[in-house]
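The values are calculated or read from the model by the stated rules, or taken from the named source; none is laboratory data. Predicted, not measured: the structure shown is a model, and the values here were computed from it. All Cβ positions, even for glycine, are placed from backbone atoms using ideal geometry, and neighbour counts span all protein chains on display. Remember, those area values only see protein heavy atoms, side chains included, never the ligands or the DNA or RNA. Shrake-Rupley method; radii C 1.70, N 1.55, O 1.52, S 1.80 Å.
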Amino acid sequence: MLFGAAPVHVCGAEPLVSCVIAGLHADGRATRRLAPEQLATLKPGRVSTLILADPPAPADLIAAFAARSRQARSRFRPGSTRLILMHAADPAPALPDLNLDERLRLETFAVENRAARALLTRWPLHLGMDPLFGQRPHLLLAGFAAPAHAFLVQSLRLIQYGDARPLVTLLSEDPEPLAAQIQSAYPQAGQVAELRFGTLAAPWLVGTSPVTL
């Protein structure tokens, strides 16, 4: 993210708020922490950037801030407010139709999806997954707690091995609903890799390609 010289206002839930503020401070940026109730008295004209870090009821907070932004006069600061809503994962939460004008620029930021992309940029999938001696690539995800879903989606975007169709094994406590969910959300995933589902208690790995990552 690129910000101007004005302090960045941050409001939302812990521990995400503290993580965002720490990251901004490490980048040399000034910040101002806000409690959700303080947004009701915040003057939009004095705010250059506002980050809502996974707050409760984000649609209500954004709608109220947008309403005040439309009513505010530009005597404090010309230009617009950049409002960034950080949420756990894509898709973004439902937001009201704000009829935004030039005073407010709304962006959404999916934490888990961005984290998966950053992780696989820092440690590329092929760096650790590539097999030896012509072995079939086999990615194993043990457990499906967050952010495993985002990691899976990003991995499927990067996992191409030419004619060698990789194997992806997903182990969870209840594999049948997970299989239905993944196959419904990503019907073309099977064209990229063979997906197999199993339980953590009985991984069902005998006779399959050895796990490479």
Top-ranked residue in the range 71-92 [being farther than 22 Å from residue 18 by Cβ and open to solvent by less than 50 Å² (accessible area, probe 1.4 Å); ranked as modelled with the lowest pLDDT]: 72
Let me confirm something: among 139, 213, 170, 152, which residue is open to solvent by less than 60 Å² (accessible area, probe 1.4 Å), of a type in the set (A, V, I, L, M, F, W, C) and not in a strand (DSSP E or B)? 152
In the range 32-55, is there at least one residue being among the acidic types (Asp, Glu) and surrounded by 12 or more Cβ atoms within 10 Å (Cβ to Cβ)? yes
For the range 4-15, check the following and say yes or no: at least one residue is assigned to a helix (DSSP H, G or I) and surrounded by 13 or more Cβ atoms within 10 Å (Cβ to Cβ). no
Restricting to the range 173-210, count the residues that are part of a helix (DSSP H, G or I), open to solvent by less than 30 Å² (accessible area, probe 1.4 Å) and in contact (Cβ under 8 Å) with a residue 24 or more places away in the chain. 4
